[in-house]
């Protein structure tokens, strides 16, 4: 009789003991601007919108994962491509928020602007509960992006030299089409084949679309991919030269860099050679 | 002490609410095999073909399919595109074909309190309450939709009734993001009007609750009587703002879909094929704006207006029968209203206001080349809709709806003031035993009831219909 009475107390005690652990996961927060994201609210959103690809545990092994040619992010491993922080470090909450907002070009990760800012901040908070890294490490310090220098032909030309010197062409190809000699052999941290970015076809980058975004990409690297950080290799002003040159490889995107480059004889010939023109019937295509 | 009382009251309220909800759920589940109800009336949209294409669960695009979430609305407005250069068919496996079917085997019970039947005296007509029930199935929707190329989308929906007789419910192509702008999208064909509260995505399926009363209301003309049973109805035209229409639509939206606007030019035949009525055109306009309200969610308000016309007599006849498409003597009608979609976390409620006006010629069934009957006037009415939902989680949604329609001016001033007024209520739930990116399945249970004033066919008393529906609603 006595032991029967004690059962509820044991259960209550067990529940109380378990409370701090469950509560800690639910109370995790994300901070984006003035918004404070709450993991418990983010959890509900995650299990409505995200689990199909990213999986119930956030390990990128959702029911649809096997059918995607670019695997969904593994939040348990917490290795993130798009960061404002140095390679090897955790991204900031803003980085995660921006990734959710922007989506990932040429993948099935869409832009989630349909969600409110608060909802996206809640998702950030929940994503951070999926890996122990967030408990043991702090996010990296965002790199400083110096003001962009004036665009000049010399800047573009110097960027072109760097493109060769740093052997970017080995992966991205001489025309930036993602078809360099090493391209076919590249794999990501999941041992999945990965293709370098094709500048010629794109207008956006994986981690944004501005010159600042491009600057960050090669100064922080895309963790989990063969794209390294060049922060220790080139100076900031050189990085901007590279940005200016890389923009000229986007021959389908009318950027100021491309316009300037085409105004030179050298640039005009290069861009003309790299631009495919014609119609679906083949007329106008010069062999 | 006060605190204790408040706490006690709070707990009591919570307990009562808990018991009420659970009793309702239990009774619905327990009784549904014995009481279920009718037939999906419209052709409702939920397209696992998209889920399969993008590998996303139903719950991404649907708060509870077929009802769209803001993300699903944005996807639709963007031409069934996510916008990451992976939307065109060239990025799909060659065997992928964007096809989905949907059907709902069900049990339903129907009751109407006053139906005209033969009386005991030969030649007489009396009223009787009629109840039917039994196992049944819905029509079949066969959706094909998606992108033909980047920024060219399409939708073809052959749809049948439950005898298997098919018609085309939707047939359209759309040029999306013309000139790279989300503000320039042109749709051409037969399509659903840009109704934020989509009847094609309605979450209730019974014969009474499977459509919105306000979307199809046309005034009654005059009450019936024992000597002339049946209230007379408008006969010169048929129109429902919930019906798919034929024409061209310009639609624009902001990149994040917070602002939406559209205008349509439509053939005046309520979506019927073959130009059967006239050479008239209608117009439909809709606009809405969403705004964020902290942690509550995305709120949206909007307005819409349909300006239409309908022929009242044929220009030519052959053997006394009107030659199709030669209707003239067009007379006008319009429907207008406002909508609010309010979210409080898991709870949301859609509110709508309607106003309708018909020409006196349409209202009194009078051809435009003849004088109006004495006392005939243009009927007007107002309507309202309140539809709350509670998304307990992506697998369970509780649904309620109340609609009312109130005549503000009768076709004939001699009609009773409330003649034709409607009150309709619906309650139910949908439970999705699994959420997947491959298919959809829902246990659907619903009860709906509708009362229309003075519409009983013989006595002119109120006409009430009730419908109970239980079904397996699935799409693949």
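The values are calculated or read from the model by the stated rules, or taken from the named source; none is laboratory data. Since the model is a prediction, treat every value here as computed from it, not as a measurement. Note that each Cβ is placed from the backbone with ideal geometry, even for glycine, and that neighbours are counted across all protein chains shown.
Which of the residues that make up region B:399-429 are closer than 30 Å to residue A:45 by Cα and crowded, with 22+ Cβ neighbours inside 10 Å?
B:399, B:401, B:426, B:428, B:429
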Within region B:436-449, residues touching a helix residue (DSSP H, G or I) at 6+ places or on another chain (Cβ under 7 Å) and assigned to a strand (DSSP E or B) come out as B:440, B:445
Condition set buried (at least 18 other Cβ atoms within 10 Å of the Cβ) and in contact (Cβ under 8 Å) with a residue 24 or more places away in the chain, scope region A:46-59, selection farthest from the other protein chains (Cβ to nearest Cβ): answer is A:58
Condition set under 23 Å from the mean Cα position of the chain (by Cα) and over 23 Å from residue B:476 (Cα atoms), scope region B:82-124, selection surrounded by the most Cβ atoms within 10 Å (Cβ to Cβ): answer is B:108
Note on residue B:292: of the conditions (1) surrounded by fewer than 15 Cβ atoms within 10 Å (Cβ to Cβ); (2) within 14 Å of another protein chain (Cβ to nearest Cβ), unmet is (1)
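When you look at residue B:70, is it within 12 Å of chain A (Cβ to nearest Cβ) and at pLDDT 90 or above, yes or no? Step through it out loud before you land on a result.
Working: within 12 Å of chain A (Cβ to nearest Cβ): yes; at pLDDT 90 or above: yes.
Criteria met by residue B:70.
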Selection from region A:78-103 of residues within 14 Å of another protein chain (Cβ to nearest Cβ) and surrounded by fewer than 20 Cβ atoms within 10 Å (Cβ to Cβ) yields A:101, A:103
Residue A:110: closer than 23 Å to residue A:216 by Cα, crowded, with 20+ Cβ neighbours inside 10 Å and facing chain B (nearest Cβ under 9 Å), yes or no?
yes
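Being under 13 Å from residue B:331 (Cα atoms) and either in contact with a helix residue (DSSP H, G or I) (Cβ under 6 Å, 6 or more places away or on another chain) or part of a loop (DSSP other than H, G, I, E, B) (or both) is the filter here, so list the residues in region B:352-369 that pass it.
Going residue by residue through region B:352-369, those that are under 13 Å from residue B:331 (Cα atoms) are B:357-369.
Across region B:352-369, the qualifying residues are B:359, B:364, B:365, B:366, B:367, B:368, B:369.
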All conditions in (1) crowded, with 21+ Cβ neighbours inside 10 Å; (2) in a helix (DSSP H, G or I); (3) touching a residue at least 40 places away in the same chain (Cβ under 8 Å) are true of residue A:115 except (2)
Item to complete: Output yes when any residue across region B:99-119 is in contact with a helix residue (DSSP H, G or I) (Cβ under 9 Å, 6 or more places away or on another chain), closer than 23 Å to residue B:157 by Cβ, away from chain A (no Cβ under 12 Å) and modelled with pLDDT under 95, and no when none is.
Response: yes
Filtering region B:213-235 down to residues that are free of Cβ contacts under 8 Å to residues at least 24 places away in the same chain and either within 10 Å of the chain's Cα centre (by Cα) or not in a loop (DSSP other than H, G, I, E, B) (or both) yields B:233
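Would you confirm, using the coordinates I've provided, whether residue B:313 is modelled with pLDDT of 95 or more and under 30 Å from residue A:121 (Cα atoms)? Outline the logic, then answer.
Working: modelled with pLDDT of 95 or more: yes; under 30 Å from residue A:121 (Cα atoms): no.
So residue B:313 does not fit the description; no.
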All-but-one check, residue B:232 against (1) in contact with a strand residue (DSSP E or B) (Cβ under 6 Å, 6 or more places away or on another chain); (2) surrounded by 15 or more Cβ atoms within 10 Å (Cβ to Cβ); (3) away from chain A (no Cβ under 14 Å), failing number (2)
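Test residue A:131 against the criterion of being more than 30 Å from residue A:267 (Cα to Cα), more than 7 Å from every other protein chain (Cβ to nearest Cβ) and buried (at least 19 other Cβ atoms within 10 Å of the Cβ), and give yes or no. Reasoning before the result, please.
Values: more than 30 Å from residue A:267 (Cα to Cα): yes; more than 7 Å from every other protein chain (Cβ to nearest Cβ): yes; buried (at least 19 other Cβ atoms within 10 Å of the Cβ): yes.
Spelling it out, residue A:131 is indeed more than 30 Å from residue A:267 (Cα to Cα), more than 7 Å from every other protein chain (Cβ to nearest Cβ) and buried (at least 19 other Cβ atoms within 10 Å of the Cβ).
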Over region B:247-263, the set of residues surrounded by fewer than 21 Cβ atoms within 10 Å (Cβ to Cβ) and under 13 Å from residue B:171 (Cα atoms) is B:248
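Quick check on residue B:45: is it at pLDDT 90 or above and more than 9 Å from chain A (Cβ to nearest Cβ)? Reasoning before the result, please.
On the way: at pLDDT 90 or above: no; more than 9 Å from chain A (Cβ to nearest Cβ): yes.
The answer is no for residue B:45.
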